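Reviewing the structure listed below.
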Amino acid sequence: MKSKPPYLAIAETLREKILSGSYAMGKIPSERALIRQHGVSRATATKALGALEAEGLIVRRRGSGAFVKPTDEASGATYVSTLIADMDVREFFSAICSAIAERARPSNLNLIWGAQQEFSELARDDSLDEYIARCRRANIRGVFFVPQDATGEEGVERRNREIAETLRANGITVVLIDRDVVPFPRRSDFDLVGIDNVQAGYAQAKHLIECGCRRLAYVSHEKLVWTVDARFSGFRNALEECGLRTGEMHKGDPSDPAFARKVERERPDGIAFVHDDMAIAFMATRSRLYKRKVRYIGLDDIDVSRHLGLTSLRQPARFIGEEATRLMALRLGHDTIPPRQVLFSAALTPRASTLAP
């Protein structure tokens, strides 16, 4: 897992203090003060202040320092924020957020990053009202929402839907990213931007079949997830199309030898994984138990996959972020087109794990 760049951590701390009114007198810490406080370079401190200035939260005046942007200067601004359940899970969401940040200002939007703990705090019964109140104080009119992914767990699906519907009921536009607030194959009435997960599962299976595999397995974590169900649906479609046996999804801990043995009992010659991190952990576990060669394919194309030679599907994170920003700007501009589902294709990157079993 990648740690957050120091300038983003500093910017997040300052942002929370600005929005809470800690700098009511206007002036915020200088670059020199940030350097002393956080032990960073001048370039890092400058970049942190630049991020806040790009969001429209502060103004910097040469020779005087940085100041909270006066209310009268910001009164006509349109602010949006992020609400992401698992920002720390994969680099995928970091890339999406970077694209949103880049496109926000050209789209006449001012982006305020949601604090990391905000989603976890929404588990309390009274927390949603508090979150809405914070949005109103910050003049936030739109939220990019990545729901919690365990839609099959008791209460999670209801909470995801409640959050999205409450935001909308309070005049806050919601654009979903990556997944819906209802289980596959159902669709909610919110805009959604992500990948075509059915196509992704189909592409994984087709690649393994084209590489000569005839006994395919699909491996996922134990959570019931909207995107996983969609991917497995596409995976099975490809097998049925080619007249191959379609088994059940294997769910478990990829680092558990007992789980690896369970999958191995089916003697698969090709295995598709819901995410690269699962593929990497399973490959390491299985290699300690068996010498028989198997082809592997993942999804996400994380950095380490390139070094390990894992075939994977890359999600176009930058385009997802840009399209989500475009839809948000349209909705805030009183666009009345029915809810849209914008789904991109994931691109195959063949490597040694399928080409040289």
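The values are calculated or read from the model by the stated rules, or taken from the named source; none is laboratory data. Not measured: the values here are computed from a predicted model. Methodologically, a virtual Cβ is constructed for each residue, glycine included, from the backbone with ideal geometry; neighbour enumeration extends over all protein chains shown.
Brief remarks follow.
- Residue selected from the stretch 327-357 under the condition under 20 Å from the mean Cα position of the chain (by Cα) and part of a loop (DSSP other than H, G, I, E, B), by the criterion surrounded by the most Cβ atoms within 10 Å (Cβ to Cβ): Ala346
- Look at (1) out of contact with any Ser or Thr (no Cβ under 9 Å at 6 or more places or on another chain); (2) at pLDDT 95 or above and you find that Ala352 fails only one, number (1).
- Inter-residue pairs, beta-carbon under 8 Å, first at positive phi and in the stretch 95-111, second surrounded by 16 or more Cβ atoms within 10 Å (Cβ to Cβ) and not in a helix (DSSP H, G or I), 6+ apart: Asn108/Thr78
- Check on Arg187, in a loop (DSSP other than H, G, I, E, B), within 23 Å of Gln148 (Cβ to Cβ) and out of contact with any Phe, Trp or Tyr (no Cβ under 8 Å at 6 or more places or on another chain): yes
- Yes/no for Ala133 being among the hydrophobic types (A, V, I, L, M, F, W, C), exposed (fewer than 13 other Cβ atoms within 10 Å of the Cβ) and modelled with pLDDT of 75 or more: yes
- Residue, surrounded by the fewest Cβ atoms within 10 Å (Cβ to Cβ), within the stretch 194-205, restricted to residues that are over 16 Å from the mean Cα position of the chain (by Cα) and of a type in the set (A, V, I, L, M, F, W, C): Val198
- Given (1) surrounded by fewer than 13 Cβ atoms within 10 Å (Cβ to Cβ); (2) among the hydrophobic types (A, V, I, L, M, F, W, C); (3) within 28 Å of Ile112 (Cα to Cα), number of the condition Ala324 does not satisfy: (1)
- Any hit, the stretch 277-288, residues being touching a Ser or Thr at 6+ places or on another chain (Cβ under 8 Å), surrounded by fewer than 24 Cβ atoms within 10 Å (Cβ to Cβ), outside any helix (DSSP H, G or I) and in contact (Cβ under 8 Å) with a residue 24 or more places away in the chain: no
- Subset of the stretch 168-193 [more than 14 Å from the chain's Cα centre (by Cα), acidic (Asp, Glu) and surrounded by 14 or more Cβ atoms within 10 Å (Cβ to Cβ)]: Asp191
- Test for Tyr131: is it over 17 Å from Pro339 (Cα atoms) and in contact with a helix residue (DSSP H, G or I) (Cβ under 6 Å, 6 or more places away or on another chain): no
- Residue match in the stretch 36-51 (condition: at pLDDT 85 or above, in contact with a helix residue (DSSP H, G or I) (Cβ under 9 Å, 6 or more places away or on another chain), of a type in the set (Val, Ile, Thr) and in a loop (DSSP other than H, G, I, E, B)): yes
- Remark: Ala217 falls outside the filter, which requires a residue to be under 20 Å from Ser345 (Cα atoms), buried (at least 20 other Cβ atoms within 10 Å of the Cβ) and either modelled with pLDDT of 95 or more or in contact with a helix residue (DSSP H, G or I) (Cβ under 8 Å, 6 or more places away or on another chain) (or both).
- Conditions (1) in a strand (DSSP E or B); (2) in the same structural domain as Ser107 (by TED's automatic domain parsing); number of the one not met by Tyr296: (2)
- Odd one out for Thr227 among (1) of a type in the set (Val, Ile, Thr); (2) modelled with pLDDT under 95; (3) over 24 Å from Asp300 (Cα atoms): (3)
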